[in-house]
């Protein structure tokens, strides 16, 4: 029928083809919605025991970063590779030697887009993507995580990065550990 309309009136054939395409798309959408509705829709907290239990994530999930301050050499390659400039590294030159002591390593998660471009250039593999699902906070200040001021088990990835540890790290003035050349 559409072919006959296109021969007689080309514009009417275009309208009929458009209506048929939209109807086909709406039919597909309605079918998927009905299938989802029949299987039983549950809320996120009904499906997962969140926040009591962590949300299951895929094996290559790019969550909040993990950072090992003891192996960082302060080369700034991760900060240079970051396309949104959300990594801030504080470092001091080692007196009487070569290299740097990292005094601060902060990531602003209000800017971070979790692209993992900071992970690849690191020569000592001290930064990598973790599996932490969220880092809820009430202010923008809570989105800036300074890994040099976090407790060692959280900063090194042995414990989960959580809002409580980040909030407690805001009151610490001195870094917890400044690197392999500085005594802790």
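Restricting attention to segment 136-148, report how many residues are closer than 17 Å to residue 76 by Cα and assigned to a loop (DSSP other than H, G, I, E, B). Residues that pass the stated criteria total 2. If we scan segment 149-164, do we find a residue that is crowded, with 16+ Cβ neighbours inside 10 Å, at pLDDT 80 or above and within 19 Å of the chain's Cα centre (by Cα)? Yes: segment 149-164 contains one or more residues that are crowded, with 16+ Cβ neighbours inside 10 Å, at pLDDT 80 or above and within 19 Å of the chain's Cα centre (by Cα).
The values are calculated or read from the model by the stated rules, or taken from the named source; none is laboratory data. Note that this is a predicted model, so its numbers are computed, not measured. A quick note on method: Cβ atoms are made from the backbone with ideal geometry, for glycine too, and the neighbour counts reach across all protein chains shown.
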